[in-house]
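To start, the structure under review is shown below, and the notes come after it.
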Amino acid sequence: MKDNVHVVIVTYNRAEYLKICLESIVAQTVQVSRITIFDNFSTDNTLEMLRGLIEIGYPITVIQSEDNLGSAGGFSGLFQYAKENPSDWVWVMDDDVDPDKNCLYEMLDASSGFDVVQANRYNIDGSFMFLYSKINVKNPFSSLLKGPVNGADFIGKVKEINFFPFEGPLIRWAMIDLLALPKKDYFIICDDLEYSYRVQSVGGRAGLCGSALMRRQILPKHSINFDWKNYYDFRNR
């Protein structure tokens, strides 16, 4: 496999997790071509850690924001940079994921006929994340995602989906070049859902590759309290 793969990552104050993510990317059985990181004005030791990795040969470019633009702002900036630097594929991810060493190989191997190949994410407790085969944009007060697909049921298989999060999708550069950028004014949440919908609207196909495993380093937390993330969730819906 000689595909040119450009990895793009948004980060904010997660140097410890980001370092694990980058080490796993460099250790892939298929070598990536370049890694671009959008740093959302981190105040921890992220930049110092990245400088150390660059010094030992990691193919990293850092886009340093002067403010925290949220994940949506970060991905908008990264997709613009990816448009300006053509490749075969763009591998999109957050800073807290950890791809297994064969993750990229498995996605490329399953990519025929797809514009997006999504990694199969599992949590640190061993549970797999759900993805969805339908997107419903008619009623923002009900679930926007339907047709749940349990990643645990598709090990070694490819299942067509319509929604992919910005946690591990491998997207053809031609699709990124075709579409407008992720909506940076969303700040956080639903920017990937809206982008998934646009891929679908132009006839793009996305598939969940069951054998392309990617660990989520942070176990998701659910709260009944209304916070700032809930605000963006409801507003962006």
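None of the figures in this text is laboratory data; all of them are computed from the coordinates on show. Because the structure is predicted, anything quoted here is derived from the model rather than measured. Cβ: placed from backbone, ideal geometry, glycine included. Neighbour counts: every protein chain shown.
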- Item | Over the range 1-125, relative contact order from alpha-carbon pairs under 8 Å, at least 6 apart, % | 38
- Task: Would you mind working out the magnitude of the charge dipole of the range 177-237 relative to its Cα centre, with +1 at each Lys and Arg C-beta and -1 at each Asp and Glu C-beta, to the nearest 20 Debye?
- Result: 160
- Size of charge dipole - the range 1-74 - debye, nearest 20, with Cβ of Lys, Arg +1 and Asp, Glu -1, no other charges: 280
- Query: Tyr231 to Ala27: extension gain in nm, 0.36 nm per residue of separation minus the Cα-Cα distance?
  - Reply: 69.6 nm
- Per the Kirkwood definition applied to all pairs of different Cα atoms, how many angstroms is the hydrodynamic radius of the range 67-113? 12.8
- Item | Residue list for the range 1-32, given a label point 7 angstrom along the Cα-to-Cβ vector of Leu178 and an amide N cut-off under 12 Å | none
- Query: the range 1-108: which trypsin sites (Lys or Arg not before Pro) are DSSP loop and have at most 16 other beta-carbon atoms within 10 angstrom?
  - Reply: Lys2, Lys101
- Counting Lys +1, Arg +1, Asp -1, Glu -1, what net charge surrounds Arg172 among other residues with beta carbon under 13 Å of its beta carbon? -2
- Query: Total Lys pairs in the chain closer than 17 Å by alpha-carbon, pairs eight or more apart in sequence or interchain only?
  - Reply: 11
- Note on the structure: The set of residues whose placed amide H lies less than 5 Å from the amide H of Val149, leaving out same-chain residues fewer than 5 positions away, is Leu131, Tyr132, Ser133
- Task: Note the full-extension length gain between Ile54 and Val202 as 0.36 nm times their separation in residues minus their Cα-Cα distance, in nm to one decimal.
- Result: 49.5 nm
- Query: Applying the Karplus parametrisation 6.51 cos²θ - 1.76 cosθ + 1.60 with θ = phi - 60° to the phi angles of the range 138-152, what ³J(HN,Hα) value in whole Hz is obtained for each residue in order, glycine and proline being reported as x?
  - Reply: 7, 9, x, 8, 10, 4, 7, 10, 9, x, x, 10, 7, x, 5
- Task: Mind putting a number on the dipole of the chain about its Cα centre? Charges go on the C-beta only, +1 for Lys and Arg and -1 for Asp and Glu, and I need it in Debye to the nearest 20.
- Result: 800
- Query: Considering every pair of different Cα atoms, what Kirkwood radius, in Å, is found for the chain?
  - Reply: 17.9
- Cα atoms only, the range 114-187: Rg and Dmax in Å? 13.9, 38
- Message: Run the helix sum for the chain: -39,500 (n - 2.57) per DSSP H stretch of 4+ residues, divided by residue count, reported at 222 nm to the nearest 500 deg cm²/dmol.
- Response: -8500 deg cm²/dmol
- Where in the chain lies the longest segment free of chymotrypsin sites (Phe, Trp or Tyr not before Pro) that are both loop residues by DSSP (not H, G, I, E, B) and have at most 11 other Cβ atoms within 10 Å? 1-140
- Farthest positive-ward along the chain dipole, Cα basis, beta-carbon charges - from Ser65, Ile155, Cys103: Ile155
- Query: To two decimal places, what compactness ratio does the range 1-80 give when its Cα radius of gyration is scaled by 2.2 N^0.38 Å?
  - Reply: 1.07
- Round to the nearest 0.05 the FRET efficiency obtained for Arg34 and Ser143 when R0 = 41 Å and r is the Cβ-Cβ distance. 0.65
- Note on the structure: Here the gain from full extension of Thr61 to Ala152, 0.36 nm per residue of separation minus their alpha-carbon distance, amounts to 29.3 nm
- Which ³J(HN,Hα) values in Hz, rounded to whole numbers, follow from the phi angles of the range 162-174 under the Karplus curve 6.51 cos²θ - 1.76 cosθ + 1.60, where θ = phi - 60° and Gly and Pro get x? 10, 10, 9, x, 7, 10, x, x, 9, 10, 4, 4, 4
- Query: Residues with amide H under 5 Å of Gly207's amide H, sequence separation 5 or more or different chain, H placed in the peptide plane at 1.01 Å from N; which?
  - Reply: Val116, Val117, Gln118, Ile161
- the chain: antiparallel DSSP beta bridges as a percent of all, rounded to 5: 45
- Query: According to the Kirkwood expression over distinct Cα-Cα pairs, how big is the hydrodynamic radius of the range 107-237, in Å?
  - Reply: 15.5
- Rounded to whole angstrom, the alpha-carbon centroid of the range 121-187 lies from that of the range 18-85 at a distance of 22
